[in-house]
Amino acid sequence: MTDVLLAGESHVNVTLEIKGKNVMRDAQYGEAADRYIETLEGLGANVTYQPCHVAIEEFPRTLESLDTYDLVVLSDIGADSLQLTPQVATGETDVDRPALLAEWVRNGGALGMIGGYMTFAGKGGQARWGNTAVGEALPVTIATGDDRVETPAGAHPKNEAIEELPDELPHILGYNRFKADDNATVWATVNDDPFLVVGDHGEGSTFAYATDCAPHWAPEAFTEWEYIDTLWKAVISRVTS
């Protein structure tokens with residue numbers, strides 16, 4: 001059984017309703033990891049899920065705690081959530097968890113990043129993973145600014161390397177644009193950009209997956225695709241073997 005730590009894929013929406021001089025506030029919490037977790041569990045993985053606010057406090061702080069997992073996946077969670085801890089906010093030093101994560105990969109761990117508005121460079125460059133050691137560990141070069149590519153008309157990724165998959169994948173509605181490293185392998189492309197890239201970092205392995213694991217970028221046609229289990233089985237096997 002593969003033990004997976006999944007961090008991210010949560011949000012809080014805050015709304016203001018203005019009626020003349022009166023302002024009413026409301027907030028709604030949501031998570032978007034359920035289908036991806038179901039896919040992983042269907043492949044026999046044991047998934048520990050940390051939404052963004054939980055990861056701020058509970059994401060592993062030692063190599064020993066990371067060693068309880070075979071694979072760590074970051075999905076729609078920015079570098080701030082792992083670096084700007086409550087201790088740092090009060091002016092104290094603390095563990096640089098992206099640097100710790102990269103060290104763990106060099107020692108033989110497995111790391112993956114899934115696309116979204118707050119991964120890779122992200123919206124407005126706010127995710128800023130390229131400025132961390134995690135950016136160096138991934139098999140791609142992350143952009144320095146806003147890296148989102150919105151494809152509202154739909155874009156079909158092309159399979160380049162997974163024999164069990166058809167040549168064309170279902171449409172997606174957006175992705176993060178990055179460049180594959182010279183020593184990495186591009187498993188799929190979209191609009192001539194890398195879509196799925198795998199590689200090695202020290203004794204460990206990593207993958208970069210350009211689109212989201214939930215809407216809006218990954219519509220139901222993609223998340224419920226008959227080959228989605230096959231795709232993720234190939235990825236997990238590659239990086240954890």
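Need pairs with beta-carbon distance below 6 Å; first residue under 15 Å from GLY116 (Cβ atoms) and within the range 25-46, second at pLDDT 95 or above and aromatic (Phe, Trp, Tyr); sequence gap 6+ or separate chains. Listed pairs, sorted by first residue: ALA33/TYR49. Within the range 153-174, the residues that satisfy the criterion of being surrounded by fewer than 18 Cβ atoms within 10 Å (Cβ to Cβ) and touching a His at 6+ places or on another chain (Cβ under 9 Å) are ALA153, GLY154, HIS156, GLU168, HIS171. Residues in the range 112-146 that are β-branched (Val, Ile, Thr), part of a loop (DSSP other than H, G, I, E, B) and modelled with pLDDT of 95 or more: THR119, THR132, ILE142. Restricting the range 201-223 to residues that are acidic (Asp, Glu) and touching a residue at least 24 places away in the same chain (Cβ under 8 Å), the residue that is surrounded by the fewest Cβ atoms within 10 Å (Cβ to Cβ) is GLU203.
Scanning the range 54-111 for residues that are part of a loop (DSSP other than H, G, I, E, B), of a type in the set (Ser, Thr, Tyr) and touching a residue at least 24 places away in the same chain (Cβ under 8 Å) yields THR62, THR68, TYR69, THR85. Taken over the range 71-87, the criterion of being surrounded by 14 or more Cβ atoms within 10 Å (Cβ to Cβ) and more than 23 Å from ALA214 (Cβ to Cβ) is satisfied by GLN83, THR85. Of all residues in the range 121-135, those that are within 14 Å of ALA99 (Cβ to Cβ) and in contact (Cβ under 8 Å) with a residue 40 or more places away in the chain have Cβ atoms under 7 Å from Cβ atoms of residues that are among the β-branched types (Val, Ile, Thr) and in a loop (DSSP other than H, G, I, E, B), 6 or more apart or on another chain, in TRP129/THR119; TRP129/ILE142. All of (1) under 18 Å from the mean Cα position of the chain (by Cα); (2) in a loop (DSSP other than H, G, I, E, B) hold for TYR175 with one exception: (2). Within the range 148-164, residues that are on the phi > 0 side of the Ramachandran plot sit with their Cβ atoms under 8 Å from residues that are assigned to a strand (DSSP E or B), at 6+ positions apart or across chains, in these pairs: GLY154/ILE172; GLY154/LEU173. Of the candidates ALA188, ALA208, the single residue that is in contact with a helix residue (DSSP H, G or I) (Cβ under 9 Å, 6 or more places away or on another chain), assigned to a strand (DSSP E or B) and among the small types (Gly, Ala, Ser) is ALA188.
The values are calculated or read from the model by the stated rules, or taken from the named source; none is laboratory data. Not measured: the values here are computed from a predicted model. Glycine gets a Cβ as well: all are built from the backbone with ideal geometry, and neighbour counts include every protein chain shown.
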